[in-house]
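This report concerns only the one structure given below.
The values are calculated or read from the model by the stated rules, or taken from the named source; none is laboratory data. Just so it is clear, the model here is predicted, and its values are computed rather than measured. All Cβ positions, even for glycine, are placed from backbone atoms using ideal geometry, and neighbour counts span all protein chains on display. Just the protein is used for accessible areas: all its heavy atoms, side chains included, with ligands, DNA and RNA removed. Shrake-Rupley method; radii C 1.70, N 1.55, O 1.52, S 1.80 Å.
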Amino acid sequence: MHQYHHIARYRWRRKSVAALAITCKLFHEPAMDLLWAELDGIEPLLGCIARLHPIMNRIAGSEMQCFRFEVIKPLSEHEARQFLHHAPRVRSLRILYDDYFHLLSVLPIETCMFPRLLSLSTDRDLNRYLHLFLSPTLRRCNLPFVHPDSRSVPARCVALEDLSIKSSFANIAADGHVLYDTIRLCNGLVNLACPPLNWTTWEHLSNLPTLLTLEIWDDRCSLGRHNLKFAPFLNLTRLYFCTRTAAYTVAVMQHLEFPSLNRLEMDVFDLRWAQAEPLLCVLSRFKTLSHIAISSERGDRDVQILLGNSLTPIRQFLCFTQLRTLRFKFPYCCINLDNDLLLKAISGWPHIRMLEFMDSRAVPTVTFRGLFAALHRCPRLHTLDIPLDAVNLDIDPTAESFQHTSLRHLNLASSGISDAEAVARIVFAVLPSVDRVYPPEYDSRPGVCLEVQKHLVSFRASADLGRRVLI
């Protein structure tokens, strides 16, 4: 519903600005600049051409894919001038369709359609028309893959700060060379998201003091040995890796220095302990990390290889005293987690705000008594999701004077529950700010967790009624 309200407000705003543009000459230019500032596609500009009026009106009332754009003749020189009339006002452009690009074939190769454009985003193949959308003022560029003409982006867009190409290489050798050349031409990048980089490109980025965030998508790139000298990434604060395995990430983190790094996020398709162990070990070098999130859907099937290992994932991170967010979601991420280990971990993370150990294979051994003992040490914690033993209830809520008022989100969806009402009463008594015990996406799923929620709602309603009666 919120999305539709946003759309309604957006349409109302455009109508209001359009009305303002024809009110008087004084308002006309500023209102027109606002009206054309953000576009989803170039269809509004095509609508300025008399020959295309009936076509664009038909498209506006139906699905664009139903119309055959290839039967429309390209723009004439006169029509091209009409098309470009309002283009200098466009500051942000999101291209949703590529059916009409052939209409622009009349434009000379040196044409810059949007000379004041700041942001360009598309998931379409711009093919041989990419150069038309590049502007000297462009700061943000989001492309679907490495384009053969990608080198022209930094060459034409000298103010470029954000470059995003979130895809894998179609051809590792060819696309890799184009990407590496493209990035090495960028000298003012602030945010970069791209396929995996080779060592030479990492060296270039290490000398960019402007770079703050870096995302690596995929890992099909052979790093190998090198004799390069890397500068520290002095101002880089966030790293994200989306890879098949952890090998590429381990190699990068072993060889490079990130003295300001405080956020590390990883999505790994298959995280085996043989790679997870060196990964967690190398991450322990970066004591500045305050936000860590590691997720994987696949991992070792044999738990025996972990049971006797003292360096479990949680123990590896006991050294991060600045942690504010720790999110593990991979098989056996909370192996050996019990009351003692939870207390030890929480005691070492006094600033922790969000703690999530999501492991569908875990057997819960942390009890409510162990949980509440740990909560004494983390007064700022607001989100908790760990396997909790809600079967063997070892606490009497009526005899418990401690209350943790900061915790607002408690997920019991992965816990077995023997007595829903008793669990709800414990939560209600000790965690007064928790209003739900499972994520919103669980609303449609039946289960005992929903029963806990119903009792919790009932207890809160009774308490509110009692307070109103006293007043």
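Worth a mention:
- Some residue of the stretch 36-53 being closer than 24 Å to Leu138 by Cβ, open to solvent by 50 Å² or more (accessible area, probe 1.4 Å) and modelled with pLDDT under 80: no
- Annotation note: Cβ proximity below 9 Å between a residue of the stretch 23-42 that is farther than 22 Å from Thr122 by Cα and a residue that is open to solvent by 60 Å² or more (accessible area, probe 1.4 Å) and among the hydrophobic types (A, V, I, L, M, F, W, C) (sequence gap 6+ or interchain) occurs for Phe27/Leu20; His28/Leu20; His28/Ile22; Pro30/Leu20; Ala31/Leu20; Ala31/Ile22.
- Leu410 vs. criteria within 18 Å of Cys334 (Cβ to Cβ), at pLDDT below 95 and touching a strand residue (DSSP E or B) at 6+ places or on another chain (Cβ under 7 Å): yes
- Test result for Asp162, at pLDDT 95 or above, under 25 Å from the mean Cα position of the chain (by Cα) and open to solvent by 20 Å² or more (accessible area, probe 1.4 Å): yes
- Test for Leu26: is it modelled with pLDDT of 85 or more and either of a type outside the set (S, T, N, Q) or not in a helix (DSSP H, G or I) (or both): no
- The stretch 90-114: number of residues that are within 30 Å of the chain's Cα centre (by Cα) and either open to solvent by 10 Å² or more (accessible area, probe 1.4 Å) or closer than 20 Å to Ser152 by Cα (or both): 10
- Each residue in the stretch 73-89 was checked for being more than 22 Å from Leu39 (Cα to Cα) and either open to solvent by less than 50 Å² (accessible area, probe 1.4 Å) or of a type in the set (Ser, Thr, Tyr) (or both), and 1 pass.
- Qualifying strands (runs of 3 or more DSSP E) (wholly inside the stretch 305-410; at least 2 residues being open to solvent by 20 Å² or more (accessible area, probe 1.4 Å)): 325-329, 354-357
- Looking across the stretch 213-237, the residues that are under 27 Å from Arg140 (Cα atoms) and open to solvent by 50 Å² or more (accessible area, probe 1.4 Å) come down to Trp217, Arg220, Pro232, Leu234, Asn235.
- Answer residue from the stretch 285-304, given it is farther than 23 Å from Thr383 by Cα and at pLDDT 90 or above and is surrounded by the fewest Cβ atoms within 10 Å (Cβ to Cβ) among those: Arg285
- Scan of the stretch 120-148 for residues that are open to solvent by 20 Å² or more (accessible area, probe 1.4 Å), modelled with pLDDT of 90 or more and within 22 Å of Arg184 (Cα to Cα), ordered by number: Ser121, His131, Pro136, Thr137, Arg139, Arg140, Asn142, Pro144, Phe145
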